[in-house]
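What follows is a single structure, written as structure tokens, with notes after it.
Nothing in this text is a laboratory measurement; each read-out follows from the coordinates by a stated rule. Computed from a predicted model, the values in this text were never measured in an experiment. All Cβ positions, even for glycine, are placed from backbone atoms using ideal geometry, and neighbour counts span all protein chains on display.
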Amino acid sequence: MKSKTFHIFIGALAGVLLVCCDSDKYFGYNYSAEKLDNRVIVAGQVRDFFTGQPVANTTVNFGGVITSTLADGSYQLVYLLQADEGFGRAVPVTFSRDKYFPLQSSLVIYPQDNSLDARLVYAAPIIRSSTFQDSVCTATVFDYQGVTDIDSVFAMVTYVDVDSGYTVPRTFPMPLQSQLDDHTGVFQTVVKDSLDAGRLDRHRYRIFAIDKSNFTDARFFFF
């Protein structure tokens, strides 16, 4: 009888010790590993669709987790699975960058090897060059979507009031004069040397090009 009571006492004591002590040590259960199971690492690279060059400073929105690409177009982020989420489901992804069309995609996530690259399409017109000879201002503008996608081009110059010395900006629309190819157009305007605002400041001027989606390019040039 004493032996039976003794064994019951020993069993109860062992149970108390297992509960009070670190049971991980005895059962091999790793709580820290459980906490890390919901961490998903996603990486990739963003490049220009036309040139293949890396696109830095692209905003990557992966299911609400936001990061930016580095100089080489690469990015890496950590996505935390929510309580009601699991592996094997698609997470929405958006890539956005100034002067590029935004790209929407998705990635099915797994515990490892989550990679998603992207190619962004350049949207804005590109001012290739400009000249200012006598009173004629000329600009060559390129657009990947075609010359017909260019909505307007104009030159901005500055006039100086002779009496006060104040400067006044003025803009001159530049109609399309010729088309070099499907994507390149030559735009031109005449800029007067003097207006009511004063005399033309022949230091520098600026060319603006805007397409039909309101993407814009602007560059300074010197006389």
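The listed peptides 166-172, 185-191, 46-52, ordered by packing as a protection proxy, come out as 185-191, 46-52, 166-172 (highest mean of other Cβ atoms within 10 Å first). The slack between Gln188 and Asp117, meaning 0.36 nm per residue of separation minus the straight C-alpha distance, is 21.5 nm. Other residues within the sphere of radius under 15 Å centred on the Cβ of Gly165, judged by their own Cβ, net out at -2 (K and R +1, D and E -1). The calculated FRET efficiency for Ile41 paired with Gln179, based on their beta-carbon distance and R0 = 35 Å, is about 0.10.
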